[in-house]
Amino acid sequence: MVESAAHEFMLFGLSFNAETLEMTWMVMAVVLILSIVATRNMKLVPTGMQNIFEMVITGLNDQINASIGKRGSLFAPFLISLFLFLLISNWWGLIPGMASPTNTLNTNLGLALLVVVMLHVLGFYYKGPRYLKHFFEPFAFFVVIKLIEEVAKPITLAFRLFGNIFAGELLIHILPHLLPNIIAEVIPGVLWLGFSVFVGGVQAFVFTMLSTSYLAESIRDEDE
């Protein structure tokens, strides 16, 4: 907590964590650079980075279009960018000297609130006043349950991601202090590092797919 407080600064009466901001901008730069490298010399038969990006984008596109329907192509760039940012963010803290932007609740809650605000704004945009109808279905008193559900969406999105990433990085740092010798330190450390890479990928996918599902509920045509 002391170390975290040392990175904080005030601006317009609000507290900001300089380390989180630095790591976030680094991750954004990495995503941008990887995207440029993958697309600067496109080939008909993809290789290397282009091949990896095409596999990721094609897979996510299929999932997004299946969930959202005909409007999926409009929101695929946002959702794929969200996935890439989360993926690199979740892995960033595994690099010595770095910290994942997603190991802080503020980052995750900000992303979750962005998704939730976006789905309500788009729901009104595409459906107009009839968007409110689903809050009262199948009975009017269900509005209370629906409102609780809407409040829970950003909270569960943020805390699920935060808990997994924070716990993974914490264990990587404390394992060497818990184990008695170099062999006992290295082997579990390497295994946990591999597991953290896997969890980081899964959590990025889960966050993106839940966001896609929430968006689909708001903007998908009823006749699709």
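The values are calculated or read from the model by the stated rules, or taken from the named source; none is laboratory data. Computed from a predicted structure; not experimentally measured. Heads up, the Cβs are rebuilt from the backbone with ideal geometry, glycines too, and the neighbour counts pull from every protein chain shown. The area values use the complete protein model at the heavy-atom level, side chains included, leaving out ligands, DNA and RNA. Shrake-Rupley method; radii C 1.70, N 1.55, O 1.52, S 1.80 Å.
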Checklist entry - Mind checking which residues of segment 56-73 are surrounded by 19 or more Cβ atoms within 10 Å (Cβ to Cβ) and free of Cβ contacts under 8 Å to residues at least 40 places away in the same chain? => result Gly72
Item to check | Filter result (open to solvent by less than 80 Å² (accessible area, probe 1.4 Å), over 18 Å from the mean Cα position of the chain (by Cα) and not hydrophobic (A, V, I, L, M, F, W, C)) within segment 74-98 | outcome: Gly97
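Lys146: over 20 Å from Val30 (Cα atoms), among the basic types (Lys, Arg) and either open to solvent by less than 30 Å² (accessible area, probe 1.4 Å) or within 12 Å of the chain's Cα centre (by Cα) (or both), yes or no?
So Lys146 fails the test.
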Checklist entry - Out of segment 15-27, which residues are modelled with pLDDT under 90 and open to solvent by 40 Å² or more (accessible area, probe 1.4 Å)? => result Ser15, Phe16, Glu19, Leu21
Next on the checklist: Give me the residue from segment 28-43 that is assigned to a helix (DSSP H, G or I) and either of a type in the set (Val, Ile, Thr) or open to solvent by 70 Å² or more (accessible area, probe 1.4 Å) (or both) and, out of that set, nearest to Leu87 (Cα to Cα).
Outcome noted: Val31
Checklist entry - Are any of the residues in segment 158-173 at pLDDT 75 or above, within 30 Å of Lys70 (Cα to Cα), open to solvent by less than 30 Å² (accessible area, probe 1.4 Å) and of a type in the set (D, E, K, R)? => result no
Next on the checklist: Which count do you get for residues in segment 191-224 that are open to solvent by less than 50 Å² (accessible area, probe 1.4 Å) and more than 22 Å from Thr156 (Cα to Cα)?
Outcome noted: 2
Checklist entry - Do you know which of the residues in segment 133-143 that are farther than 21 Å from Gly69 by Cα and open to solvent by less than 90 Å² (accessible area, probe 1.4 Å) is farthest from the chain's Cα centre (by Cα)? => result Ala140
Checklist entry - Taking only pairs six or more apart or across chains, which ones have beta-carbon atoms under 8 Å, a first residue in segment 110-127 that is touching a residue at least 12 places away in the same chain (Cβ under 8 Å) and of a type in the set (S, T, N, Q), and a second residue that is assigned to a helix (DSSP H, G or I) and open to solvent by less than 60 Å² (accessible area, probe 1.4 Å)? => result none
Checklist entry - Can we say Asn61 is closer than 15 Å to Tyr214 by Cα and more than 15 Å from the chain's Cα centre (by Cα)? => result no
